[in-house]
1. Name the lysines eligible as straight-distance cross-link partners of K108: C-alpha to C-alpha under 17 Å, and not fewer than 8 places from it in the same chain.
2. Ignoring ligands, DNA and RNA, what accessible area per residue does the range 212-281 give at 1.4 Å, in Å²?
3. How high is the FRET efficiency between E290 and Q185 when r is their beta carbon distance and R₀ equals 30 Å, given to the nearest 0.05?
4. Could you tell me what percent of the accessible area of the range 192-240 is made up of carbon and sulfur, with a 1.4 Å probe and every protein chain present?
5. Which of the trypsin sites (Lys or Arg not before Pro) found in the range 175-211 are loop residues per DSSP with 16 or fewer other Cβ atoms within 10 Å of their Cβ?
6. Quick check: Cα centre of the range 1-41 to Cα centre of the range 87-119, how many Å?
7. Arranged from highest to lowest average of other beta-carbon atoms within 10 Å per residue, in what order do the peptides 134-145, 15-26 appear?
8. For the range 37-49, take each phi angle, set θ = phi - 60°, evaluate the Karplus expression 6.51 cos²θ - 1.76 cosθ + 1.60, and give the result in whole Hz per residue in order, putting x for glycine and proline.
Amino acid sequence: MNPLRGALAHYGIELRETIGPDFGEVREIAYAEPSFGGISRAKWLTNHVRALAQARRLRKPGGQIIVLWPVLGFFDVLLLKAICGRGALIMHDPTPLVRAVGYGSGAKAVARLFGRGVTVIAHSKRALEEVTRTLPANRVGQVLHPIRFGAAVVGPERNARPRIAVLGQYKSERDSELLLELAKQMHDAVDLRIAGKGWPELPGWDVEARFLSEAEFTREIGDANVVLIPYRRFYQSGVAVRALENGVPVVGPRSSALADLLGDAKSLLAADSVESWVRAVRAALQMSAEDVAALRTEYRTRSRESWSDLIGQRR
């Protein structure tokens, strides 16, 4: 059940392709969020409740309802329990990077008291630890972010000036100081590109500060030789998964969820120093298309296995 038909359209495809081969028929109930569908938050909540009721009616014996995003934060644990009796909720950001409803102490207390029986899914070790502390009596499990299984679209050819890209909306957790230092050290050898809503101008970077459509986002990934994830704090990165899907290597912080994504490709994980980031970018630029394809194949195998282990209905 996808309550963010706009923002999570691709995630829904990724999940369907990840669990479909093992779990048989997968049906998606999707509806638009206010920012995408032009509706009020009250209407969105009404659609959410109706969709939960529809999902319960459609669920076959032994079937599983998976809610892809909590509309009301931890209150969604209670809603899923009350309307569907059981099910699974994906908690992407237990402590959101932006202000959101349903993550305060009251919502967490209600979920603890009345939400037992609902499985809560996290995509990273850090998110798993936070959800487990909040809901110690619930079944809580970590699965890897789903990834598409289609053929990878290979990024641009290696050339004299490869493109290093940062994609997605600006948030305060983005490490702008790191990006400025990287520009000082690398601008002579590479093109530096930022595309996403809300970004400030950064010397040395070509910044396109606006919302990107799905087609534009896909094109930006395809035009990049390396995608950077310059966050100080994050639980997961759909941008990193999208890059890997399209055959583009990813560089990000070592102490993050990217360690799960990149597996043995530790040269792509950077420590705190700018020099470490430069080394990681150079290592990514040296990777062949075959290297990235092998990395993607290994990750998607691990992702499927993690979902099968958690849901427990592998065929």
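1. Output for K108: K81.
2. Values: 2430 Å² over 70 residues.
Dividing the accessible area of the range 212-281 by its residue count gives 35 Å².
3. Working: r = 29 Å, r/R0 = 0.96.
Calculated value: 0.55.
4. Numbers: 1100 of 2030 Å².
The nonpolar share, carbon plus sulfur, comes to 54 percent.
5. Values: sites: K184, R193, K197, R210; in loops: K197, R210.
Those satisfying the criteria are K197, R210.
6. Each part's Cα centre sits 19 Å from the other's.
7. Details: 134-145: 18.9, 15-26: 16.2.
So the order, starting with the most tightly packed, is 134-145, 15-26.
8. For the range 37-49, the Karplus curve yields x, x, 10, 7, 5, 5, 5, 4, 5, 4, 4, 5, 5 Hz.
The values are calculated or read from the model by the stated rules, or taken from the named source; none is laboratory data. Owing to the predicted nature of the structure, the values given are computational and were not obtained by experimental measurement. Reconstructed Cβ throughout: ideal geometry from the backbone, glycine too, with neighbour counts over all protein chains shown. Protein only, heavy atoms only, side chains kept; ligands, DNA and RNA dropped before computing areas. Shrake-Rupley method; radii C 1.70, N 1.55, O 1.52, S 1.80 Å.
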